[in-house]
Each structure stands twice: as C-alpha cells, then as structure tokens.
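The values are calculated or read from the model by the stated rules, or taken from the named source; none is laboratory data. Just so it is clear, the model here is predicted, and its values are computed rather than measured. The accessibility values were calculated without ligands, DNA or RNA, using every heavy atom of the protein model including side chains. Shrake-Rupley method; radii C 1.70, N 1.55, O 1.52, S 1.80 Å.
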Amino acid sequence: PVLEQLRAAGVRLEVVPEGWSVEGTKDKVRAVARAVERVEAGEAIAARIEKEVEEARAKWKDVTARPRVLPIYARGPNHLLIFGKNTAADAMLALVSADNAAASIEGAKPLTPEAVVQAAPELVLVPSRGLDSTGDIEGLLNVPGLAATPAGEAKRIVSMDDLLLLGFGPRLGQAVAQLGELLHGARNVQ
C-alpha cells in the first residue's frame, strides 16, 4: 500500500531486486545504475564484483574439509535467531566453501538450546553489531546450549561487519575474501 501511495503521488519509484548470489548482486547494481542513468558504470561495477568474487573464492572453492558454521543473528541476549537455508548468511557460507550447521532449518528461526546443541557447529558466525549486543564473545557463550558445542568449547566465534556480511552489495568480493579468511583461518586456531 505504501508503494502504491508513493506512485499515486507521482514519486518516481524503482524497485531493486533482492538476490543472495553473485548474479543477484550484479542485477541489483545494474538496476540502480539504470535508475540513475549510469548503465556503463553499473556494468563496470558488476564486472568488478564478479572478478573479485572469483579471485576470493579461488582459495576455498576446492577444499574438502568444509567448516561447519552456525550463523546467528543477535540483537541482545534475548533476541537470537539461527540463519538456516535460503538466507543471506547461508548464501555467504556457500560462497566461501563452508557448510551451514543450520541447513535443516528454513529461513531464520529463534535460537533454542536444543537446536544449537544439535547443530554442533565448529564455528559460530555472528554480525559484529549482534555480537556487541550480547556482551561480546563471553556474553554470547552464556546463551544456553552454545558453550556445549564444539565451537563454544573452543571459543571459535567469528564476526564481521553486518552489512558487509549480509548486504550482497558492491563490496561482495571483499566480503567473500574476509569471511573466507575468518572461517578457514579460525578452524586452524587451537
């Protein structure tokens, strides 16, 4: 209804498609470029994104031992969700050759102690602001069930900037490179 009200008021409105993939990100960039009449610049950015992602993925796309990662969305210690399949976090994990420990869950669901223990992650991935909202790593490890997982026992919690991690925007190549380093590097830290 709000979009229709804006259109009825004569406001130019462009709807940009959401896409949690390299192609989806390039489509978003192209849509914005068309909207601001900068098609050539959009194509250049789309090409750069593809090149940067390919370069970043080259390090991990053939790994045989993929890390088992539990992506968590947190906004305070009492508002925690697990990102399952068909989420931005799941798509990012696939780009860096990591397995989503919550792949049996569709979308984002409330975190329960049983689900965390059952997921048995090697690593926990949480956006930075979410980690801060729980009281950092120690606060997150106080979440029921999390300390009893392999990730919790080893304190293997990794975080990165929220928008970089989940935004699927022009910095996608940087996001893939950073997340890959964080996940594959953290597995080897004892």
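Worth a mention:
- Helix screen, the chain: DSSP H segments with Cα axial length of 18 Å or more and mean Kyte-Doolittle hydropathy at least -1.0 are 22-35, 39-57, 172-187.
- Taking the chain as the region of interest, the number of lysine pairs whose Cα atoms are within less than 27 Å, with members eight or more places apart or on different chains, is 19.
- Per residue solvent-accessible surface (Å²) - the chain, probe of 1.4 Å: 52
- Where only DSSP H runs of four or more residues are counted, the chain gives -14000 deg cm²/dmol as its mean residue ellipticity at 222 nm, each run worth -39500 (n - 2.57).
- The chain - percent of accessible surface contributed by carbon and sulfur, probe 1.4 Å: 54
- Heavy-atom accessible area order for Phe83, Phe168, largest first, 1.4 Å probe: Phe83, Phe168
- Region 50-180 - Rg and Dmax from Cα coordinates, angstrom: 13.9, 42
- Rounded to whole Å, the principal axis extents of the Cα atoms in region 61-106 read 38, 18, 15, largest first.
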